[in-house]
Every structure is written in structure tokens, then in C-alpha cells.
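The values are calculated or read from the model by the stated rules, or taken from the named source; none is laboratory data. Worth saying up front: this structure is predicted, and the values here are computed from it rather than measured. Cβ: placed from backbone, ideal geometry, glycine included. Neighbour counts: every protein chain shown.
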Amino acid sequence: MSRPASTIPKIDTRERILDVALELFVAQGYDKTSLREIAEQLGVTKAALYYHFASKDDILLALHGRLHELLRETTEGLGEAGPWRPGAFANALRRLIGEVISNEKLFQLHERNRAAFEKLHQSEQHTAMHSDLEVRIRELLADTGLPVRTRVRTACALGAVTFGIMLPGDAFADIDRQVLAELLSEAIDDLLETD
């Protein structure tokens with residue numbers, strides 16, 4: 001039984017804009033996508049887009065913010081509840097693997113639009129967003145109370161996830177996502193010597 005149209009929840013327009021822009025930026029590139037195309041896909045006017053975003057760069061920054069939010073949530077709480085343990089970091093990296101696989105298009109956006117993100121990296125808004133996450137990870141890795149071996153292996157495990165799943169782009173497109181997640185988890189366990 002279907003509900004009357006007035007009681008069906010509407011997806012937030014701002015989020016719909018971001019979702020459509022993400023699809024277009026991944027498929028044809030940031031530079032080759034116009035605001036007009038985004039508006040047409042949504043069935044709205046460009047003026048409606050401008051109500052939510054001042055520019056295409058602002059849309060890109062908001063999509064980049066989605067990534068930082070995922071990463072922030074993944075690393076949240078590490079090292080705050082007593083002694084830092086490799087097992088806690090391994091669990092956070094496993095969550096990160098799940099997030100990357102669940103949000104693959106968001107990570108493809110970053111991989112396929114490097115020039116646009118290089119330009120974005122120069123903005124003040126991005127610098128604040130990026131430095132918060134970077135500081136958190138550096139603090140974890142700089143904990144001199146941990147054995148050097150643990151710190152280095154932790155950095156390598158982070159690199160295994162980052163480069164193993166994000167950097168290759170489509171190189172692993174033929175691998176089932178669940179299998180890829182399991183293989184990356186094994187690599188983390190090997191590096192951090194956890195079970």
C-alpha cells in the first residue's frame with residue numbers, strides 16, 4: 001500500500017544536488033560538467049542551484065567535506081580512551097575500508113579529478129578541513145609512548161588502506177568488493193600483528 005505523496009519524505013535538495021554532481025563529476029569530470037547539466041539532471045533551474053551553492057567550486061568543496069566527515073568518524077575516539085592499541089587502529093582501518101567501499105564514487109571523484117582538487121587545496125575552507133584530520137592522524141602516529149615499531153607499522157597499515165583501495169582507481173574493478181575488503185583487512189592484521 002503506497003502512502004499519499006504528501007507523506008513521502010523528500011530528500012534534501014542540497015543532498016540531491018551533491019548526489020547528482022558526484023555522478024556527473026565521476027562520469028565526465030569536474031571541468032567538463034556544467035552547472036546547467038547538474039540542474040537539468042535534477043529538473044531544476046540554475047537559479048535553484050545557486051540558492052544552495054554559490055559556485056561549482058562550492059559543490060566540489062561540499063563533496064570533499066563528505067569524505068572528510070567519513071574519515072573523521074572513522075578515526076574518532078582513537079587514543080582517547082586510555083592507552084592506544086594497534087587493535088583499536090586496526091578496527092578503525094577496517095571501518096575505513098567499509099566506508100571506502102560503500103562510498104566508492106566519492107573516492108573515485110578524488111582520484112579522477114586531481115587537478116580540481118589541487119586548486120581546492122589552496123582554499124582556506126579546505127585547509128581548515130584537511131588540517132583537522134591530518135593533525136589527528138599525526139598525533140596518533142607521533143605518540144612517543146608507543147614502540148617505534150608499532151608507530152611505523154601503523155603508518156604502513158594506513159598506507160596499505162589508502163593506496164590499496166583509493167590510489168589504484170579502476171585497477172581492482174575486477175575484484176569483488178567483499179573479497180577486496182577481506183584482503184585489505186588481512187594486510188592490516190599482518191602489518192599490525194593482530195588477530
Exception for Leu60 within (1) more than 25 Å from Glu104 (Cβ to Cβ); (2) at pLDDT 90 or above falls at (1)
Can you pull out the residues in region 139-195 that are farther than 12 Å from Phe89 by Cβ and among the hydroxyl-bearing types (Ser, Thr, Tyr)? Thr144, Thr162, Ser185
Is it true that Thr33 is assigned to a loop (DSSP other than H, G, I, E, B) and at pLDDT 95 or above? yes
Please go through region 1-30 and give me each residue that is at pLDDT 95 or above and in contact with a His (Cβ under 8 Å, 6 or more places away or on another chain), ordered by number. Ile17
